[in-house]
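Following: one structure in structure tokens, then a few remarks.
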Amino acid sequence: MTVAAPAHATLARPAGFGRDLFSVAGRALRGAVREPEAVIPALIIPIFFFAVNVGSLQEIAPAVGIDDYRAFQLPVAIIFAVTGVNRAQALQQDIAGGYFDRLLMAPVARSALLLGLLVADFVLVVALSIPVLLLGALLGIGYVTGPIGLVVFLLLAGAWGLAFNGFAYAIALRTGSAGAVGASFVLFFPFAFLTTTFVPEDALTGWLATVAVYNPVTYVLAALRSLISEGWDPVALGAGALAVLVVAAVSFTLCILAMRGRISRG
């Protein structure tokens, strides 16, 4: 026998993708504000490396064809600032605590669960980039491409940060392990140092020169540096954007597969 629901019962209804997206993003941003220790290192580390690299290597810059080593190093500092800034650790905690499973049972758009986190990540990335850019401005670093170039600089750096974050979210969804998510930043070190971090590409030799050719960060740095020192270089900017897209395609594919696996297990 079928029992009719009481007339006063309220059934859960989908709120809509946009509302779900901003709800997830808002919760993630509030969590970041409550946990500054999770994002402050992302500001300290790039400023530290910027100061050390400029202080120790500025004297050799002319020998490798660099006129302004501070301008050369600013994109490196930005890459360090935007890489690994994410809410993957919070996602892992939701998975471990069972909250993520409850979200999967709710009428929430599945794609919004990930896209909302990425929206929050982008806000964090831009917020953490601004102090680094202000430091560069105080040191006299300008943009030959003007204010529009600065906006493109921020967008490209932020896009790289989001592309790399896919790996952290894939690890969180696949393992649900706090240790694994915390160690995901280690993946960035080959990208960060086996490239043109310290000298231009034509100054690299041996196996390092070969590895740098296949490192996407090489092209992202070249694109960012072109906006500061060279002007609108469509080749450099196109290569940088393509590098971001390739990394995003790999990381987001892994993320989507991990999400499907998590849903099926749930």
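The values are calculated or read from the model by the stated rules, or taken from the named source; none is laboratory data. Nothing here was measured: the structure is a model prediction, and the numbers come from that model. Counting neighbours? That spans all protein chains shown, and the Cβs are built from the backbone with ideal geometry, glycine included.
Is it the case, given these coordinates, that L187 is among the aliphatic types (A, V, I, L, M), touching a helix residue (DSSP H, G or I) at 6+ places or on another chain (Cβ under 7 Å) and over 30 Å from L139 (Cβ atoms)? Answer is yes for this residue. When the test is whether a residue is over 18 Å from the mean Cα position of the chain (by Cα) and surrounded by 14 or more Cβ atoms within 10 Å (Cβ to Cβ), A258 passes it. Across the range 87-104, the number of residues qualifying as free of Cβ contacts under 8 Å to residues at least 60 places away in the same chain and assigned to a helix (DSSP H, G or I) comes to 5. In this structure, A209 qualifies as among the small types (G, A, S), surrounded by fewer than 19 Cβ atoms within 10 Å (Cβ to Cβ), assigned to a helix (DSSP H, G or I) and in contact with an Asp or Glu (Cβ under 8 Å, 6 or more places away or on another chain).
Screening the range 77-94 for residues that are of a type in the set (A, V, I, L, M) and crowded, with 22+ Cβ neighbours inside 10 Å and picking the one that is nearest to F50 (Cα to Cα) gives A77.
Once the range 117-167 is narrowed to residues that are among the aromatic types (F, W, Y) and under 25 Å from V33 (Cβ atoms), the residue that is surrounded by the most Cβ atoms within 10 Å (Cβ to Cβ) is W160. The residue that is nearest to A241 (Cα to Cα), among those in the range 163-189 that are at pLDDT 85 or above and within 14 Å of the chain's Cα centre (by Cα), is A163.
On the given criteria, is A112 surrounded by fewer than 23 Cβ atoms within 10 Å (Cβ to Cβ) and either at pLDDT below 85 or among the charged types (D, E, K, R) (or both)? So A112 fits the description; yes. The C-beta contact set for the range 24-41 (first residue under 26 Å from A109 (Cα atoms) and surrounded by fewer than 16 Cβ atoms within 10 Å (Cβ to Cβ), second residue charged (D, E, K, R) and at pLDDT 80 or above, distance under 7 angstrom, 6+ apart or interchain) is empty. The residues of the range 196-241 that are of a type in the set (A, V, I, L, M), more than 25 Å from I171 (Cβ to Cβ) and without any contact (Cβ under 8 Å) to a residue 60 or more places away in the chain, listed by number, are L204, L208, A209, A212, V213, A222, V235, A236, A239.
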